[in-house]
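The values are calculated or read from the model by the stated rules, or taken from the named source; none is laboratory data. Please read these numbers as outputs of a predicted model, since none were measured by experiment. For neighbour counting, all protein chains shown are included, and Cβ atoms are generated from backbone atoms with ideal geometry for every residue, glycine included.
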């Protein structure tokens with residue numbers, strides 16, 4: 001962990017805020033690529049299918065969805081580096097590293113598209129790893145700001161609870177979009193929290 005921290009420290013301070021902005025870039029990238037894939041696949045039913053169908057064999061231009069996930073994963077990884085740069089304790093550093101791993105699994109979803117053997121594993125583990133990162137960062141934040149830590153942990157608990165409640169009533173695509181929205185909200189909150197930390 002210290003090795004990653006020292007590597008991040010070589011980044012000029014004036015560029016630190018740019019790293020946090022990659023969280024916004026990742027959010028925009030995810031929704032733009034997914035929406036683009038849906039548009040070019042008019043037969044796709046959002047309320048009965050799974051997003052992975054957009055990148056599976058038989059979809060129109062499956063590379064749009066798969067490439068989009070890989071590029072989004074790269075942006076998310078850079079954002080996680082930004083969180084690491086701003087981290088003030090070991091727990092926050094661990095949470096940032098967990099988010100880096102989640103980004104790798106997101107890229108693997110694009111590599112192992114729907115219909116391939118590892119797809120289900122990497123898809124599910126991306127959300128599990130993201131949840132672990134959010135919870136860990138929430139705990140780390142508690143050591144610096146109880147209010148911010150509580151907000152992040154409440155987000156994690158609420159998102160997991162809601163997902164459990166709705167999973168038997170909605171399509172996989174809806175559930176995946178809900179999870180993506182929760183991760184996006186987390187990213188926005190972390191940008192606000194860490195940017196405010198820098199300004200103090």
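State all residues of region 156-169 that are over 19 Å from residue 103 (Cβ atoms) and crowded, with 16+ Cβ neighbours inside 10 Å; if no residue qualifies, say none.
160, 163
Confirm whether residue 137 is within 17 Å of residue 189 (Cα to Cα), free of Cβ contacts under 8 Å to residues at least 40 places away in the same chain and crowded, with 19+ Cβ neighbours inside 10 Å.
no
Between a residue in region 62-73 that is under 16 Å from residue 104 (Cβ atoms) and any residue that is at pLDDT 95 or above and outside any helix (DSSP H, G or I), which pairs come within a Cβ distance under 6 Å, given they are 6 or more apart or on different chains?
Note: no pairs meet the criteria.
Which ones in region 57-66 are buried (at least 17 other Cβ atoms within 10 Å of the Cβ) and over 15 Å from residue 122 (Cα atoms)?
If we filter region 57-66 for residues that are buried (at least 17 other Cβ atoms within 10 Å of the Cβ), which is where we start, we get 59, 62, 64-66.
Passing the criteria: 59, 62, 64, 65.
Can you work out which of the residues in region 181-196 that are surrounded by fewer than 18 Cβ atoms within 10 Å (Cβ to Cβ) and within 18 Å of residue 125 (Cα to Cα) is nearest to the chain's Cα centre (by Cα)?
The qualifying residue nearest to the chain's Cα centre (by Cα) is 184.
Return the residues of region 150-200 that are touching a residue at least 40 places away in the same chain (Cβ under 8 Å) and within 15 Å of residue 50 (Cα to Cα); say none if nothing qualifies.
170, 171, 172, 173, 174, 176, 177, 179, 180
Run down 38, 14, 34, 18 and say which single residue is modelled with pLDDT of 95 or more, more than 16 Å from the chain's Cα centre (by Cα) and in a helix (DSSP H, G or I).
None of the others qualify; the one that does is 38.
Tell me yes or no: at least one residue of region 106-114 is modelled with pLDDT under 95, more than 17 Å from the chain's Cα centre (by Cα) and closer than 18 Å to residue 189 by Cα.
No, the conditions are met nowhere in region 106-114.
Check region 80-95 and report whether any residue there is crowded, with 19+ Cβ neighbours inside 10 Å, under 10 Å from the mean Cα position of the chain (by Cα) and at pLDDT 95 or above.
Yes, region 80-95 has at least one match.
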